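The structure appears below as structure tokens.
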Ligand SMILES: [Mg+2]
Ligand SMILES: [Zn+2]
């Protein structure tokens, strides 16, 4: 599988990373080099193998239903690049 | 010089009141002031708070309440959130982020009495093997090739600043994180010890995430024993991290003096990759001889899927990172670049905030998870990961630990491998499999190459058996008698 | 009887499936310890986990899991002992991490069924495909500033159950009945308060149309409709829109739409225009959710009697018709109220009073059954006064109104107002005789065969006795004197 320029633009869009048109060919080459190298996995037949998500081999622990957090409005908003009163602000979103 | 002490020696000296924590900290701050402008090992210095913490440690000792690391000055990888102290992940996108909270690992270290000298440089978001991707500039390796004092080598990555700081005596120890080799490879490049413990041994809470199923915190120090002391303080169950293991923390330091008699050490034949340098091969052989001399029995074993580790890693880690880094969007913290609408704000912020390597990995990760490619890449990688995991399980049915080289080469020049990402990725060929399997692995300095640059050997253990890893690494350390020092270090700068 | 839309080319059937997002009743959020209470000051119920600060990690709330299991059990559904959390990746201003933690491939609850009751008394089984746990997003306010949207993260991370139906619904009425029934079940279980005005229950409505017997055609998803009435309206207008497109020779595009209640239309959602590629993958911060069978059994044993079972029991135990039973069990509190009134009394009479006079009084006073001005025990006491002939049914209505107004006990009202019914046959005979004497023409008409006038005489006698005459004795006396 090899990426064409349109796919590079599409995944950059999905990842919300702006690309200048001039960057597309270089990225395309780099990504294709990486993906081409990854193709070596095709040597393996893994049809019957159960996937492993992570190395932690245990069941999920659960916490009790108690309010132990929150009430931190100032700290939560303190790093905001645009704060409007008690809200985060972003350019108007049209639904 | 106080900066030349090992952590254990410094600890004993403090306990015996031969010097104070304030003096120990001042000595390190002076060394940092002299060398950091050149080495760039620290992104952010915390001199004032370090002095205050040292004074606290002295006071605690006077009260008879000194913790196990009271007064020990450390460098903290700038991936650990530290309350009130800027945390950047070496990225422009975190801007001047001041966390309102303290990571569990650093909180544990603080509770043990440690002094934080500052935040150590790293590859941006811990993505790299050279520390060249930091938005705050590269770190210079304090080691010089014989006869070339002008050469600038990389310290390895991603925890390059931590490793360089410890090697150059700008800290007695440091925290690092290891996702595919980010503790072990820089330890090897800088001639110090570093361990990536079992996945789940240290809490990930409050550490800026790169790849959640792989990230694991661990310590650097100049001796195996020092690493054991640090890990003992860093580790422990954390209910705030669902993947944190609910197990007692053993006495790692005590394990360092365990005998290897009767131990079986596996030599994975697949690590003898074609093209391995003769020097590395010879060092590995010497390591075996040392272990034999210490009473262990070397056994050849097979980890058949070793060669697929890296390719698997470069699917899994980017996939997770593409999602983990979505939160850097210019809305709640960090950099914001304005845009006409929200999408443009996101796209411009993230384009301006992320460096090339981070962008590359986010794009790869986005691609391998996208509709139509998930099965071919991500799902397949998870299946190969299961095979790699099985390889280790089967090997550990036969042996107590594995011995391999840490990295395929010694430190290389700044700028090398930069135009070929795949070539750069190959640095992690020996470290990635243990990361995929989540097993503990440590790099211990074992010798110098023909250029006089340090090389490490890697000891890999069973899940949650760091004690055996420490025992084997300590035996190598004793047998190797590695006592070389970097050209640039506190008090010495050519 | 089936719902169809008549088009120029013939009749169209509507196919509807519902995805209901039900907010889980819990103190704290699904993966953080922040509170869930409705109506708090903006950004006060937000942890660093909810705001997706660097290094923050999710830890699951046991009660939210228990609530999902209870709901699954209540829907007669299969509980999956192993389920998993996945990340659904997309960028949105009120989604801080850039992904929603949800359950995509392995939901906690599998297939179940909901039985709905329709106005004609029939019932229909609607398949539930699955139920999964996921996080709610925050709230965007678009009307506070001319060029900005404001973000409040209080809701971000609150636990939701997404309950997905099969496309088994065929009319707005069925969809409404499904939603009401689901809400009833959730409220019985105490797993969701069902308050649609506060957004605790929202529906995504999948609508398509087809000619009878055809396979499914393209569907549209109408997002986030927040009342039963709007769901029914949205289906109606969306189905009509689609029929018009097909009839004009066009094709319906699969898309996400919004229901504009003010204009009574659905419209394409601009923010969702972009192709969906959510890049689901297992959340590496969480481990598989493994449930203990003994715990599930414990939760099951503690479940309340659910509406369908209660309805069947009401029909059997109290001899009520289907309709009455269904109405009385729609709310747990109503059912409890009814049972308090009915126990040891005439159960059908009790049902009539609850569904008639009581419901009317609640309506009139704007009260709910929980805040009823007439407690169940008081209504029971009123029924007792009828049963022991202290008052007649007509006077009972008057007493009941006084109870609503004053909160007084029925016995006290009867005594105070002297409403005991008259059973003295002498007094009744005298009243009858007086009425007959006062209405000679009516009497003549009656005697010449116009027997319908009997009712007129009863009314006149009761009126003369201020309503307090014992109806049976009045009848007897009238029959006797009319000969
Ligand atoms: Mg939906
Ligand atoms: Zn949903």
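Computed from the coordinates by the stated procedures, all read-outs in this text should not be read as laboratory data. Keep in mind the model is a prediction, meaning the values are calculated, not measured. Cβ sites come from the backbone with ideal geometry, for glycine too, and all protein chains shown count toward neighbours.
With R₀ fixed at 22 Å, the C-beta to C-beta distance from residue B:397 to residue A:50 puts the FRET efficiency at about 0.65. For the stretch C:116-168 and the stretch B:430-475, what is the separation of their Cα centres, given in Å? For the stretch C:116-168 versus the stretch B:430-475, the Cα centre distance is 51 Å. Net length available on complete extension from residue B:302 to residue B:16 is 98.0 nm, with 0.36 nm assigned per residue and the Cα-Cα distance removed. Quick one: in the stretch B:259-328, what % of C-alpha pairs are over 21 Å apart? Roughly 49 percent, once rounded to a whole number. Normalising by residue count, the protein assembly as shown has a Cα convex hull of 218 Å³ per residue.
Put a dot 7 Å past the Cα of residue C:451, heading toward its Cβ, do the same for residue C:355, and the two dots end up 3.2 nm apart.
Value of Rg to Rh for chain C, rounded to two decimals, is 1.11; Kirkwood radius and Rg both from alpha-carbon coordinates. Relative to the longest principal axis of the Cα atoms of chain C, the long axis of helix C:62-74 lies at roughly 60 degrees.
In this structure, residue B:237 and residue C:365 have a Cβ-Cβ separation that, at R0 = 60 Å, corresponds to a calculated FRET efficiency of about 0.60. For the stretch C:184-215, list residues with backbone N below 15 Å from a point placed 7 Å from the Cα of residue C:336 toward its Cβ? Those under the cut-off are C:187-191.
Mean sequence separation of contacting Cα pairs (under 8 Å, at least six apart), scaled by the length of chain B, corresponds to a relative contact order of 18 percent.
Taking only the C-alpha atoms, wrap a convex hull around the stretch C:139-214 and report its volume per residue in Å³ as a whole number.
It is 152 Å³ per residue.
Evaluated over the Cα positions of chain B, the convex hull gives a direction-averaged projected area, one quarter of its surface, of 21.8 nm².
With a simple spin-label model that places each label point 7 Å from the Cα along the Cα-to-Cβ direction, the separation between residue C:401 and residue C:294 comes to 6.2 nm. How tilted is helix C:228-247 with respect to the longest principal axis of chain C? Cα atoms for both, answer in degrees (0 to 90, nearest 10). That helix lies at roughly 60 degrees to the long axis.
What the Cα atoms of the stretch B:155-217 give is an Rg and a Dmax of 11.2, 32 Å.
Relative to its residue count, the stretch C:1-125 spans a Cα convex hull of 206 Å³ per residue. Between the helical axis of A:24-38 and the longest alpha-carbon principal axis of chain A there is an angle of about 70 degrees.
The convex hull drawn around the Cα atoms of chain A, when projected onto a plane and averaged over every direction, covers 13.0 nm². Once the stretch C:166-252 is represented by equal point scatterers at the alpha-carbon sites, with solvent omitted, what log10 I(q)/I(0) does the Debye formula produce at q = 0.12, 0.19 Å⁻¹? After summing over all Cα pairs, the log10 values are -0.41, -0.86.
Calculation over all alpha carbon pairs of the stretch B:1-101 in 10 angstrom steps from 0 returns a P(r) of 15, 41, 33, 11, 1 percent. Pairwise Cα distances in the stretch C:128-167 exceed 13 Å for 62 percent of all pairs.
Per-residue ellipticity at 222 nm computed for chain C from its helices equals -11500 deg cm²/dmol, with DSSP H segments shorter than 4 residues left out and the rest contributing -39,500 (n - 2.57). Seen from every direction in turn and averaged, the convex hull around the alpha carbons of the stretch B:343-494 projects onto 13.9 nm².
Taking only the C-alpha atoms of the stretch C:425-482, Rg followed by Dmax gives 10.3, 30 Å. With a cut-off of 19 Å on the backbone N, the residues of the stretch B:102-130 near the modelled label site 7 Å out from residue B:49 along Cα-Cβ are B:102-122. Under the simplified labelling scheme, the residue C:388-residue C:170 pair shows an inter-label distance of 5.5 nm, with each label point 7 Å from Cα along Cα→Cβ.
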